[in-house]
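A.B. asks: Pasting a structure here, questions to come.
Please treat every number below as a calculation from the coordinates, not as lab data. Since the structure is predicted, the reported quantities are computational estimates derived from the model, not experimental observations. We place every Cβ from the backbone using ideal geometry, glycine too, and count neighbours over all the protein chains shown.
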Amino acid sequence: MITLIASTLFVLIGSYLFRRFTNRVSPNIPYAGSDSLWDRLKVPVEYGIDPVGFLAKQREKLGDVFCVDLFLVKIVFFLGSDGNKVVLRAAEDQLSFWEGLRWLTGGLWDHSLDYLDWPDKSLKSVKLGFLKQDRIIAHGSDTVGLADEYFAKWSKQGDVPLFHSISYLVTAHLFVIMLGEDFYHKHGQELIPAMSQFERDLQHPLLRLLPGALWGWCSAGSRILKSDKRFDQLVRAEVADIYSNPDKHRGRTDYLYFTSQLNGLNYIPVYGNHVMSMIFGGHANAAMSIPWMFLHARRVPGAIELWREEVGLGHDAKKPFLDACFRETARLYTNVSMMRRTKSAVTVAGFDLAPGTMVACSPLASQRNSSVFEKPTSWKPERFLANGAYAEWFQKTEFVHFGLGQHACPGEKLARLLIFDSILKTWLEKYDVEVVGGLEEGTKGIDGVGAEAAWTEENFGTPAVRGKDVRVKITKRMPR
Ligand code: HEM
């Protein structure tokens, strides 16, 4: 009997593995690591350690289009400048942004994505809400004092974790901007850590195995469901109060007030998810840019002083050096992959793709390619200055900082406000930040910056630091 069960299992597993590793996403798309079964099995590990290096190596061997089988998901990559265009400019019925989001969230947000005309309405609302200058200025006023509150608190502690602290502060800004100061004061302490945990949990590998309906069976999934429910409950109550007591809320400038006035009570079932997805969309890139920028700039003589001069110029003034540092940091650290999913069988750039295929481009892979950028793996902000070789290169298809096409980032102005005019301004004008631990300068990371990027561990390819966080000591600057 035992022999029968064992041999049946052996045959079942064997045929599953045979099917799994011989079944192609498309007849003319090669697989990374297809030289041998061993190479194929190493793919998820190699991709996990250094996705950008891995993609570059495979591109040399296989060309611009190939499939990466990470076991829990297969992704067809379209690389290079053309790949960026193909994926990011694709029509929704070819490569769908929303289907990608459905896959990522295991169906958790399906009710919003299927609610009336909400996907279209939400895009309009976001654009109106974040592209107008008067709204950006209002968000600036709403968050005055917030960075100071946190820096003052940290300056009283011995030392603090750099990436974690800045991440918290960026989320706090997004809470105030999205939900208003009162909401932040009432619920921030509960919801900000829950939001960070939500982002980490969403990347848990087990969730890629389990259908969304079973997410509650594992701890990461059940935490996600709990946070989502709590967020929804509190946001619904807030919108209900906005409508029941209009005088109490009149004059509010936060995004929830704006979107609920714009779209009305009919959309009350979707506001919770919407605001949560905005915080999710806005947090990682903005938060991770700051520590990486700082870790590189502190090693360049005069760079921090130049930042200090530029943040003092005010919100409207151009900040060429800071901007160049911001771009250069993004060139090296953000957007490992941007995902879409096919809804039906489609042909994209001559390749036939089955329904449900995950497709991605990797702007970072082009941005670190020596045929595009000179000395691609060095942090050199001067390349983006007015007299630099790449002065005009921002938002070209070879360098995609804020996205392209219909899903390009609506939060660019807000990101600059938050990074330059709130966090860095407070930091540089009022505090000194000294690294006191966690760096291995000269040996680790780009240019020996001392830290390596945790590419695939969290934030979906917008890396925090790998391993232990960098420790910094924050002290109040003496008036000079
Ligand atoms: C340094 C900061 C930021 C960077 C580098 C960045 C980058 C990007 C990129 C590359 C995309 C396109 C994603 C894709 O096509 O798959 C995107 C989309 C998006 N970003 Fe940002 N972002 C930043 C900050 C923010 C902020 C602060 C917000 C908050 C409002 C925000 C909200 C969004 C939203 C809602 C989308 C999706 C737009 C859509 O669905 O059409 N981002 N961002």
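A.B. asks: Per 0.36 nm of contour for each residue apart, how much would the distance between H164 and V300 grow if the chain were fully extended, relative to their Cα-Cα spacing?
C.D. replies: 46.6 nm
A.B. asks: Could you tell me which helices of the chain pass both thresholds, a Cα extent of 30 Å or more along their own axis and a mean Kyte-Doolittle hydropathy of at least -0.5, with helices taken as whole DSSP H runs?
C.D. replies: Membrane-span-like by this criterion, though nothing is claimed about a membrane: 219-244, 268-297.
A.B. asks: Would you mind checking which residues have amide H under 5 Å from V465's amide H? H placed 1.01 Å from N; only 5 or more apart, or other chain.
C.D. replies: Amide H neighbours of V465: A454.
A.B. asks: How much length is gained if the chain between A349 and L385 is pulled fully straight, taking 0.36 nm per residue apart and subtracting their Cα-Cα distance, in nm to one decimal?
C.D. replies: Answer, rounded to one decimal: 9.5 nm.
A.B. asks: Next up: Can you give the local net charge around D64? Use residues other than it whose beta-carbon is closer than 14 angstrom to its beta-carbon, Lys and Arg +1, Asp and Glu -1.
C.D. replies: +1
A.B. asks: Which of the trypsin sites (Lys or Arg not before Pro) found in the range 97-194 are loop residues per DSSP with 14 or fewer other Cβ atoms within 10 Å of their Cβ?
C.D. replies: K132, K156
A.B. asks: Give me the dipole magnitude in Debye, nearest 20, for the range 1-79 about the Cα centre, with unit charges on the beta carbon: positive for Lys and Arg, negative for Asp and Glu.
C.D. replies: 220 debye
A.B. asks: Can you list the HN-Hα couplings for the range 419-429, worked out from phi with the Karplus curve (6.51, -1.76, 1.60; θ = phi - 60°), rounded to whole Hz and with x for Gly and Pro?
C.D. replies: Each residue's phi maps through the Karplus curve to give 6, 7, 8, 10, 5, 5, 4, 4, 4, 6, 7 Hz.
A.B. asks: Now for a different question. Calculate the FRET efficiency for K473 and D120 from the Cβ-Cβ distance with a Förster distance of 51 Å, rounded to the nearest 0.05.
C.D. replies: Once rounded, the FRET efficiency stands at 0.55.
A.B. asks: Packing-wise, with mean Cβ within 10 Å as the measure, how do 267-277, 232-242 rank, highest first?
C.D. replies: 267-277, 232-242
A.B. asks: Related question: Show me the GluC sites (Glu not before Pro) within the range 382-425 that DSSP assigns to loop and that have at most 13 other Cβ atoms within 10 Å of their Cβ.
C.D. replies: Answer by residue number: E392.
A.B. asks: Within 9 Å, Cβ to Cβ, of D323, how many net charges do the neighbouring residues add up to if Lys/Arg are +1 and Asp/Glu are -1?
C.D. replies: So the surrounding residues net to +3.
A.B. asks: How many nm is it between the label spots at L72 and R24, if each spot is 7 Å from the Cα in line with the beta carbon?
C.D. replies: It is 2.8 nm.
A.B. asks: Okay, next question. Could you tell me which of the pairs K57/K375; K425/K476; K413/K444; K186/K248 are separated by over 23 angstrom between their Cα atoms in the structure shown?
C.D. replies: Correct reply: K413/K444.
A.B. asks: Given the Cα-Cα distance of Y243 and L225 and 0.36 nm per residue of separation, how much length would full extension add, in nm?
C.D. replies: 3.8 nm
A.B. asks: Give, as a single signed number, the net charge of other residues whose beta carbon lies under 15 Å from the beta carbon of L108, with Lys and Arg counted +1 and Asp and Glu -1.
C.D. replies: -1
A.B. asks: Quick one: if the Förster radius is 51 Å, what FRET efficiency do D432 and Q197 give, using the C-beta to C-beta distance and rounding to 0.05?
C.D. replies: 0.95
A.B. asks: Suppose only helical runs count, i.e. DSSP H with n ≥ 4. What mean residue ellipticity at 222 nm does that imply for the chain under -39500 (n - 2.57) per run, divided by all residues and rounded to the nearest 500 deg cm²/dmol?
C.D. replies: -16500 deg cm²/dmol
A.B. asks: Between E374 and K61, what FRET efficiency follows from the Cβ-Cβ distance if R0 is 35 Å, with the result rounded to 0.05?
C.D. replies: Between E374 and K61 the formula returns 0.90.
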